[in-house]
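> Structure below; questions to follow.
The values are calculated or read from the model by the stated rules, or taken from the named source; none is laboratory data. Predicted, not measured: the structure shown is a model, and the values here were computed from it. In this analysis, Cβ positions are derived from the backbone assuming ideal geometry, glycine residues included, and neighbour counts consider all displayed protein chains. Just so you know, the surface numbers come from the protein's heavy atoms only, side chains and all, with ligands and any DNA or RNA stripped out. Shrake-Rupley method; radii C 1.70, N 1.55, O 1.52, S 1.80 Å.
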Amino acid sequence: DEYNGYSSMVHRVMSGDLSIYGRIFRPADFDSSKKYPILIMSHGYQTTAADQFNSIVKDMVSNGIL
């Protein structure tokens, strides 16, 4: 998937019939041979995963944090 110039990958984990997933946002110039710091965020009260691409995520990715 692509969001405002950033690519993303969805990772899903199953436990029995329960499922949880996360999305990793990467800059367009992502280099898989490099190491990057990572920030794990979860949506909270009165939000959904649809709210995931907010200004915090944009700022983190533009500063090299996945």
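> Given the criteria at pLDDT 75 or above, in a strand (DSSP E or B) and open to solvent by less than 90 Å² (accessible area, probe 1.4 Å), does Gly64 qualify? Even if it seems obvious, please write down each step before you answer.
Working: at pLDDT 75 or above: yes; in a strand (DSSP E or B): no; open to solvent by less than 90 Å² (accessible area, probe 1.4 Å): yes.
Judged against the criteria, Gly64 is not a match.
> Follow-up. Do you know which residues across the range 14-41 are part of a strand (DSSP E or B) and out of contact with any Phe, Trp or Tyr (no Cβ under 7 Å at 6 or more places or on another chain)?
Correct list: Met14, Ser15, Leu18, Ser19, Ile20, Tyr21, Gly22, Arg23, Ile24.
> Could you run through the range 32-56 and say how many residues are at pLDDT 75 or above and either within 12 Å of Ser7 (Cα to Cα) or among the aromatic types (Phe, Trp, Tyr) (or both)?
Selection size over the range 32-56: 1.
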